[in-house]
Amino acid sequence: MRRDIELAYLGIAVPDPTALTAFFGETIGLAPGEPAGDDTLTWRNDDAAHRLLVQTGPECDAAFIGFEAADEVAFDATAARLRTAGFELSEGSDADLRARRVERLVRTISPWGVSAELVSGLAKAASPYVSPLMPAGFVTDGVGFGHAVFATTAFEESAAFLVDGLGFAQSDWIVFEIAEGIELEVRFYHCNRRHHSVALAKAPFELPQALHHVMFESNSADDVGAAFDRAWATDLAIPNGLGRHDNDRMFSFYVASPAGFMVEVGHGARVVTDDWDDNRQYDRVSMWGHQPLRQAAS
Ligand SMILES: [Fe+2]
């Protein structure tokens, strides 16, 4: 399976980064990452220096997303492809390289409105990943830290950015009725064995948040269950209880973060292979489960 790029990190902006510390650290069970400068708090789910960077900002949304090239050749080829597809790239500064802990960085604004950074050489943390809450660790080797799903009204432009620009391929898509008479389309894209590193939801109108959810894939179904118990013990909304998705077969649940976007904790998704011939439409999100369990406390 070719593997030119993988999801390196996700940047989130919230008015108070410490407001997400209990959520990421104690509910999801991520490990603290290394300092990234200023008041940015970072989190990790493997040996990389950081995978989530939570910075100060008014948005309560994704601020940037990083795609790590597998090597220098992949970096140059991906940058060239982005430029050929019409996306202007600006060079990251030395301060950017230090903050992101990478060797190279170019960036552009994605059509869904979030800064997209192509990087290489994401630093390893000084210590190995350890989380007593998620002891089995996460699936990241060669597939990036997880996946992110964005809602956008610029649906076709965003798809072109992923496919023509970054070199993703579509895995499959879902069209389902989200409410009576209202259909939602979601397309799923891979850039390595992970079924999707990015998915796009076709927003019917501009939504307050581009980031719908970010997913972390545990090596253990039991760790997912324990994370569900921790989420249940909070008063956070649980928009989707335990279930299994139809297209990527992920066993997972979704909990709403205090910032509004959701976090999916999953296990056991199927992987994309070189001979993938299952790029087809699904008409349901889940084989079973993923029921709406609990609304936010009002
Ligand atoms: Fe997901």
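Observations, loosely collected:
- Shown here are the Rg and Dmax of the Cα trace of the range 181-298, at 14.7, 49 Å.
- When the Cα atoms of the range 187-251 are aligned to their principal axes, the ranges along those axes come out at 34, 31, 17 Å in descending order.
- Prolate/oblate/rounded label for the chain (Cα gyration tensor, a/c 1.5): rounded
- Normalising the average separation of contacting C-alpha pairs (under 8 angstrom, six or more residues apart) by the number of residues puts the relative contact order of the range 1-48 at 25 percent.
- Calculated [222 nm] ellipticity per residue, helices only, for the chain: -3500 deg cm²/dmol; basis is -39500 (n - 2.57) per DSSP H run with n ≥ 4, divided by all residues, nearest 500.
- Relative contact order (%) - criterion: Cα under 8 Å, at least six apart; region: the range 170-298: 30 percent
- Accessible area expressed per residue, the range 76-121, with surrounding protein chains retained (probe 1.4 Å, Å²): 48 Å²
- Taking Lys and Arg as +1 and Asp and Glu as -1, the other residues whose beta-carbon sits under 14 Å from that of residue 203 total -4.
- Label-point separation, residue 85 to residue 18 (7 Å along Cα→Cβ), nm: 4.1 nm
- Length gained when the stretch residue 157-residue 103 is fully extended (0.36 nm per residue, less Cα-Cα span): 16.6 nm
- For the range 13-160, the relative contact order works out to 25 percent when only alpha carbon pairs closer than 8 Å and six or more residues apart are counted.
- Applying 0.36 nm per residue to the separation of residue 205 and residue 296 and subtracting their alpha-carbon distance, the gain on full extension is 30.5 nm.
- Carbon/sulfur fraction of accessible area - the chain, other protein chains in place, 1.4 Å, %: 53 percent
- Additional length obtainable on full extension of the chain from residue 219 to residue 233, 0.36 nm per residue less Cα span: 2.8 nm
- Across the options 136, 168, 108, the greatest Cα extent toward the positive end of the charge dipole of the range 103-185 (unit charges at beta carbon of Lys, Arg, Asp, Glu) belongs to 136.
- For the range 60-191, the fraction of alpha-carbon pairs lying more than 17 Å apart is 66 percent, rounded to a whole number.
The values are calculated or read from the model by the stated rules, or taken from the named source; none is laboratory data. The shown structure was predicted, so the numbers you read here are calculated from the model rather than taken from an experiment. Cβ: placed from backbone, ideal geometry, glycine included. Neighbour counts: every protein chain shown. The accessibility values were calculated without ligands, DNA or RNA, using every heavy atom of the protein model including side chains. Shrake-Rupley method; radii C 1.70, N 1.55, O 1.52, S 1.80 Å.
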